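To keep things clear, I will list the structure first and then write my remarks on it.
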Amino acid sequence: MSNGGGFTVEKLSLYGNPNIGVYLTASDSYVLAPDDIGADDVRTISEVLGVAMERVVRLRVLGMRLVGVLTTGNSRGILLPEGVDREVELVRKTLEGVEVGIVPTRSNALGNVIVCNDRACLASPGLEKEALKTVSDTLGVEVVEGSVAGVYTVGSAIVVTNRGGLAHPDASEEELKFLSDVFKVPFEAGTINFGVEFVRTGLVANSYGALVGEDTTGPEIARIQVALGGGVK
């Protein structure tokens with residue numbers, strides 16, 4: 001575990017896999033996780049991300065464990081793909097006061113095409129207008145369309161909290177400034193899990209801490225602490 005400026009970073013593996021981002025969605029007010037992760041993992045997630053254990057919601061989405069790929073959201077709302085049913089009832093029952101939106105789009109992988117904090121949202125270019133309206137209404141933020149480092153699945157290439165953001169290592173200075181302007185937080189470029197460029201695959205974070213895949217190196221963790229608000233340049 002590493003702690004810089006009150007921001008905790010801890011390594012985690014789920015199902016023996018360092019790509020923990022495909023399984024988890026986090027905001028400052030809740031975490032969504034697969035329904036079959038262990039109690040120890042729930043405890044770690046709760047402690048590192050500063051979210052009460054009862055607000056770590058365990059579920060499957062469309063029958064799959066890939067919660068981080070299929071969902072996204074911020075403190076105000078959660079976005080779920082079309083075709084869900086029981087998931088909506090579970091989330092509303094467990095997370096009272098959090099809006100739930102079903103996004104009408106061809107892509108079920110909402111976590112890959114939408115990335116947000118409590119101030120703004122970036123969506124992959126070409127997302128349907130009705131989908132963009134649902135995203136904005138549910139999360140209570142402006143939605144901007146764009147790509148980063150030539151990557152259109154922006155949700156896989158960016159992790160952002162209310163304190164900072166980490167982007168694909170090929171993001172240009174102009175793109176980092178664009179992201180900072182959109183989300184109103186500073187951005188850095190970096191990698192996860194010993195050089196993986198799609199940072200969201202192995203990183204889950206909120207304003208209080210970050211969970212990183214087991215293969216993440218010390219220098220990568222140091223960059224994450226700086227980027228996401230817990231470190232000092």
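The values are calculated or read from the model by the stated rules, or taken from the named source; none is laboratory data. Just so we're clear, the structure is a prediction, and the values are computed from it rather than from any experiment. Positions of Cβ are generated from backbone atoms using ideal geometry, with glycine treated the same way; all protein chains shown enter the neighbour counts. The area values use the complete protein model at the heavy-atom level, side chains included, leaving out ligands, DNA and RNA. Shrake-Rupley method; radii C 1.70, N 1.55, O 1.52, S 1.80 Å.
The table that follows gives values for the structure above.
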quantity: Residue order for Ile102, Ile20 - accessible surface, 1.4 angstrom probe, largest first; calculated: Ile102, Ile20
quantity: Spacing of the two label points (7 Å from each Cα toward its C-beta) at Phe194 and Glu142, in nm; calculated: 4.3 nm
quantity: Heavy atoms of Leu80: accessible area, 1.4 Å probe, square angstrom to 10; calculated: 0 Å²
quantity: Surrounding net charge for Val42, when Lys and Arg each add one and Asp and Glu each subtract one, Cβ distance under 14 Å; calculated: -4
quantity: Between segment 86-129 and segment 21-65, the alpha-carbon center distance in angstrom; calculated: 16 Å
quantity: Electrostatic dipole magnitude of the chain [Cβ: Lys, Arg +1; Asp, Glu -1; Cα centre; debye, to 20]; calculated: 220 debye
quantity: At R0 = 35 Å, FRET efficiency that the Cβ-Cβ distance of Lys184 and Met64 yields, to 0.05; calculated: 0.60
quantity: Expected 222 nm ellipticity per residue - DSSP helices of 4 or more, -39500 (n - 2.57), all of the chain, to 500; calculated: -7500 deg cm²/dmol
quantity: For peptides 54-61, 153-160, sequence by mean Cβ density within 10 Å, most packed first; calculated: 153-160, 54-61
quantity: Theoretical FRET efficiency, 1/(1+(r/R0)^6), r = Cβ-Cβ of Ala222 and Tyr152, R0 41 Å, to 0.05; calculated: 0.90
quantity: Pairwise FRET efficiency - Thr94 versus Asn17, Cβ, R0 = 30 Å, nearest 0.05; calculated: 0.75
quantity: Cα gyration tensor, segment 1-159 - rounded (a/c under 1.5), prolate or oblate; calculated: prolate
quantity: Most to least packed among 111-119, 81-89 [average Cβ atoms within 10 Å]; calculated: 111-119, 81-89
quantity: Val42 versus Ser172: modelled label distance in nm, points set 7 Å from Cα along the beta carbon direction; calculated: 4.7 nm
quantity: Value of relative contact order over segment 12-227, rounded to a whole percent, pairs C-alpha under 8 Å and six or more apart; calculated: 21 percent
